[in-house]
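See structure below.
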Amino acid sequence: MGAYGAAVWLLAGRRAARREERARDEAFEHQLLHDDLTKLPNRTLFATASSARWRGAFAAVRLCAVLSIDVDRFKLVTDGLGRQPATTCCARSPPAWTSCIRPEDTVARTGGDEFMLLLESVTALEDATAVADRVSAALASPVKTDAARCS
């Protein structure tokens, strides 16, 4: 292999190493900013995203709304059935109600049984109330696990 071939091989190796490093960095950042159980953004990402969106809404004179969602009886499920069925219920709950929101809205898991929802471009209080009602209805349906039905 001549000098040219060695240089090409060396550059290709460096590019591959940079790609691997970038992939590791992205995976690490994703892990830092997302909940392991639900795969939703966590409190840190929600705070960052909501802060930026609030500033944008203020500058554009738009309304935003924040909904706090607390899954009722989560502690009872944990105490009665154990940690695994409770975490299964928690992991399966968000997909049931995230279909109630728009793509531009943000959902995050901010605690064990707590979620936050940032609604962007709300035109009136009734818009936020309607989303809250849809989410509440979706959360009212039971979640079936191997151990029990959770609601």
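Applying a 10 Å radius around every beta-carbon, put 124-137, 21-34 in order of their mean neighbour count, most first.
Working: 124-137: 13.9, 21-34: 11.2.
Result, highest mean Cβ count within 10 Å first: 124-137, 21-34.
Let's test the formula: R0 of 41 Å, r as the Cβ-Cβ distance of Ala137 and Arg19. What FRET efficiency results, to the nearest 0.05? Write down the numbers at each step before the final one.
Details: r = 45 Å, r/R0 = 1.11.
The computed FRET efficiency comes out at 0.35.
Read-outs throughout are calculated quantities, based only on the coordinates presented, and are distinct from any laboratory measurement. This structure is a prediction, so every number in the text was calculated from the model and none was measured. We place every Cβ from the backbone using ideal geometry, glycine too, and count neighbours over all the protein chains shown.
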